[in-house]
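The values are calculated or read from the model by the stated rules, or taken from the named source; none is laboratory data. Model, not experiment: these values are computed from the prediction. Cβ atoms come from the backbone with ideal geometry, glycine included; neighbour counts cover every protein chain shown. Protein only, heavy atoms only, side chains kept; ligands, DNA and RNA dropped before computing areas. Shrake-Rupley method; radii C 1.70, N 1.55, O 1.52, S 1.80 Å.
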Amino acid sequence: MLALVGAAVGIVLMLPLNGMTTGTSNPVTFSEAIFSLRITPEVVWKAGTFAVIMGLVGGLAPAWHASRQNILTALRG
């Protein structure tokens, strides 16, 4: 749940940059790569899905460890 809230905050903070175009140049080849930042429903869906998966994977080891401890030991620690 915390990862989903983090994804929502990240998406909301990104909204002011929606539609912005920027670029980067390569001084060796004198080329420039230009890209635009777009927040689409697909991007929002992928970001939310990625956040939930990362939250589950990242919380798996601490949850497994906590489930193997005595309740009083886990609360002290």
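A few notes on this one:
- The 1.4 Å probe gives accessible areas that order Met1, Met54, Met14, largest first, as Met1, Met54, Met14.
- Distance between the modelled labels on Ala61 and Thr73, one decimal in nanometres: 2.0 nm (7 Å Cα→Cβ projection).
- On Cα atoms only, tilt of 41-67 relative to the major axis of the chain in degrees: 30
- In Hz, Karplus ³J(HN,Hα) per residue of the range 25-33 (6.51, -1.76, 1.60; θ = phi - 60°; x = Gly, Pro): 10, 10, x, 6, 9, 6, 10, 9, 10
- Residues of the chain: accessible area per residue with a 1.4 Å probe, Å²: 85
- Between 0 and 90°, nearest 10: helix 2-14 axis offset from the chain longest Cα axis: 20
- In loop segments of the chain as defined by DSSP, the chymotrypsin sites (Phe, Trp or Tyr not before Pro) with at most 16 further C-beta atoms inside 10 Å of their C-beta are Phe30.
- Two-site label geometry, Ala47 and Leu4: point separation in nm, points 7 Å out along Cα→Cβ: 1.7
- Dividing the C-alpha radius of gyration of the chain by 2.2 N^0.38 Å, with N its residue count, gives 1.76.
- Sites matching trypsin sites (Lys or Arg not before Pro) across the chain that sit in DSSP coil, with at most 14 neighbouring C-beta atoms within 10 Å: Arg38, Arg68
- Mean separation of Cα pairs under 8 Å and 6 or more residues apart, divided by the residue count, gives the chain a relative contact order of 32 percent.
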